[in-house]
Amino acid sequence: MDIKAFAHTIDPETGALSGPFRETRRTIADLKGHFAAEGAPETLVYIVLEPVEQQNRDMTYAVTVLMPGKVGAEYFMTKGHFHKRNDAGEVYYCLRGNGLVLLQSRLGIVETIEMRPNGVVYVPPATAHRTVNTGAERLVFVAFYSPDAGHDYDSIAKSGFVKRVVENEGRPALVDAG
Ligand code: MN
């Protein structure tokens, strides 16, 4: 049997992989209902780049390029999700930019962890996670996870994150989602 190893390099500016990859682009329209305010629907918020080799593998990675920007006072962010598998966590490695990981347990307990270049963040299982770009540049990070962990966007979309990350006097602040 073949050894199905693969290896890539990642362009830290664009997130592009040196091997074949798939790209998913999310605009403000794709994030409908997630931001408190209205923004121009076609504005690009983030791109996820995944190697095509990832099918049927126990582990893989994806690169997220989260643009700088805000909708109203709220910083650009990813949709956020739980994993379908309740025992599956994830590890982030930040290549460039500055931001936060917003974590929320099933009971609605919230925590934030800073993302900065060369920083590593461990996201525990059974925890909804969303990344927020609080900086002036792109936030580019690699997520390492098990593909069969699955994405459950619905649970957190229904209950919602209980906190929002907004700019207040030039700095990020956590406010109640209300
Ligand atoms: Mn995840």
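The values are calculated or read from the model by the stated rules, or taken from the named source; none is laboratory data. Since the model is a prediction, treat every value here as computed from it, not as a measurement. Glycine gets a Cβ as well: all are built from the backbone with ideal geometry, and neighbour counts include every protein chain shown. For accessibility, only protein heavy atoms count, side chains too; no ligands or nucleic acids. Shrake-Rupley method; radii C 1.70, N 1.55, O 1.52, S 1.80 Å.
Looking at segment 9-57, the pairs of alpha carbons with a distance over 19 Å make up 42% of the total.
If I take every Cα pair under 8 Å that is 6 or more residues apart in the chain, average their sequence separation and divide by the length, what percent do I get for the relative contact order? Answer for the chain is 23 percent.
With the simple model of a label 7 Å out from the Cα in the direction of the Cβ, Ala40 to Thr27 spans 1.1 nm. In this simple spin-label approximation, Glu114 and Val91 carry label points 7 Å from Cα along the Cα→Cβ vector, and these lie 2.2 nm apart. In this structure the chain gives 53 Å² per residue of accessible area when probed at 1.4 Å with all protein chains present. Among Glu38, Glu74, Glu167, the sequence by solvent-accessible area, most first, with a 1.4 Å probe is Glu38, Glu167, Glu74. Nonpolar atom fraction for segment 1-114, defined as the carbon and sulfur part of the 1.4 Å probe accessible area, stands at 53 percent.
Solvent exposure of Asp176, expressed as accessible area, is near 110 Å², computed with a probe of 1.4 Å over the protein chains only. The calculated P(r) of segment 53-178, using every Cα pair and 10 Å bins from 0, goes 14, 45, 35, 7, 0 in percent.
In what order, largest first, do Lys32, Lys4, Lys79 sit by accessible area if the probe radius is 1.4 Å?
Details: Lys32 165, Lys4 135, Lys79 40 Å².
I get Lys32, Lys4, Lys79, largest accessible area first.
Calculated mean residue ellipticity at 222 nm for the chain: -1000 deg cm²/dmol, from DSSP H runs with n ≥ 4 weighted as -39500 (n - 2.57), summed, divided by the residue count and rounded to 500.
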